[in-house]
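Visitor: Quick one: structure below, then a few questions.
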Amino acid sequence: MDKQEAIKKAWGDQYPPDGVDDNGWSKKEFKYGEYNVSDFDAKMYLCGANIRPKELRGIENNNSWVKIDETNDCFQLGIDCHFILKSGVQGIFIDLDNSEYLTLKNRATHYKIIEKPKSPIY
């Protein structure tokens, strides 16, 4: 599924007639009460709000997951990361080595770098 398909799926039959932007926000401002507020996030304005389904939170950066394809396999040796294989299996690599790199390159769909904590200052 790509980003646009995820947006259309989240909106379902409530997809706005005026369309949505690249991150799923409605292009038209809706007046308060036109949609069930508990189902949507809103960018509030004086007379209304742009809305999008809550399930699209994090779509701007895919919840920090990087999709692996021919043009994007920029993981580096030594990183720690979560991964998802094409079979659906999920796991973690700590200090990525050469064989794990090949696993990601050939069998994974996504990875997410695990940020190592910074050292204490004092």
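Visitor: Short version: ³J(HN,Hα) in whole Hz for each residue of the stretch 93-106, in order, from phi by Karplus 6.51 cos²θ - 1.76 cosθ + 1.60 (θ = phi - 60°), x for Gly and Pro, what are they?
Guide: Running phi through 6.51 cos²θ - 1.76 cosθ + 1.60 with θ = phi - 60° gives 10, 10, 6, 3, 10, 4, 5, 5, 4, 5, 4, 4, 4, 9 Hz.
Visitor: Continuing with the same structure: Output wanted: per-residue J couplings in Hz (rounded whole) for the stretch 4-14, from phi through Karplus 6.51 cos²θ - 1.76 cosθ + 1.60, θ = phi - 60°, x for Gly and Pro.
Guide: Going residue by residue, I get 5, 5, 5, 5, 4, 5, 5, 6, x, 7, 9 Hz, with x marking Gly and Pro.
Visitor: Another one. Kindly identify the chain as rounded, prolate or oblate by the Cα gyration tensor criterion: order the square roots of the eigenvalues as a ≥ b ≥ c, call it rounded if a/c is under 1.5, otherwise compare a/b with b/c, prolate if a/b is larger, else oblate.
Guide: Prolate, because a/c is 1.5 or more and a/b exceeds b/c.
Visitor: Now for a separate question. Rounded to the nearest 0.05, what FRET efficiency do residue 102 and residue 54 have when you use their Cβ-Cβ distance and R0 = 35 Å?
Guide: 0.40
Visitor: With a 10 Å cut-off between alpha carbons and a GNM built on the chain, which of 18, 41, 80 moves the most?
Guide: Maximum fluctuation in the GNM of the chain, among the listed residues, is at 18.
Visitor: Defining a contact as two alpha carbons under 8 Å apart and six or more residues distant in sequence, what relative contact order in percent does the stretch 3-56 show?
Guide: The value is 34 percent.
Visitor: Here's another thing I want to ask about it. How high is the relative contact order of the chain, in percent, with contacts defined as C-alpha pairs under 8 Å that are six or more residues apart?
Guide: Normalised by residue count, the contact order of the chain is 19 percent.
Visitor: Right, something else. Could you list which residues have their amide H under 5 Å from that of residue 41, counting only those 5 or more apart in sequence or on another chain, with H placed in the peptide plane?
Guide: 52, 54
Visitor: Between residue 114 and residue 8, what is the FRET efficiency for a Förster distance of 25 Å, r being their Cβ-Cβ separation, to the nearest 0.05?
Guide: Between residue 114 and residue 8 the formula returns 0.20.
Visitor: What is the calculated FRET efficiency for residue 36 to residue 121, with r their C-beta to C-beta distance and R₀ = 30 Å, to the nearest 0.05?
Guide: The pair residue 36/residue 121 has a calculated efficiency of 0.05.
Only the coordinates and a few stated rules stand behind these numbers; no lab work does. Source: prediction; values computed, not measured. As a convention, Cβ positions derive from the backbone with ideal geometry for all residues, glycine included, and neighbour counts pool all protein chains shown.
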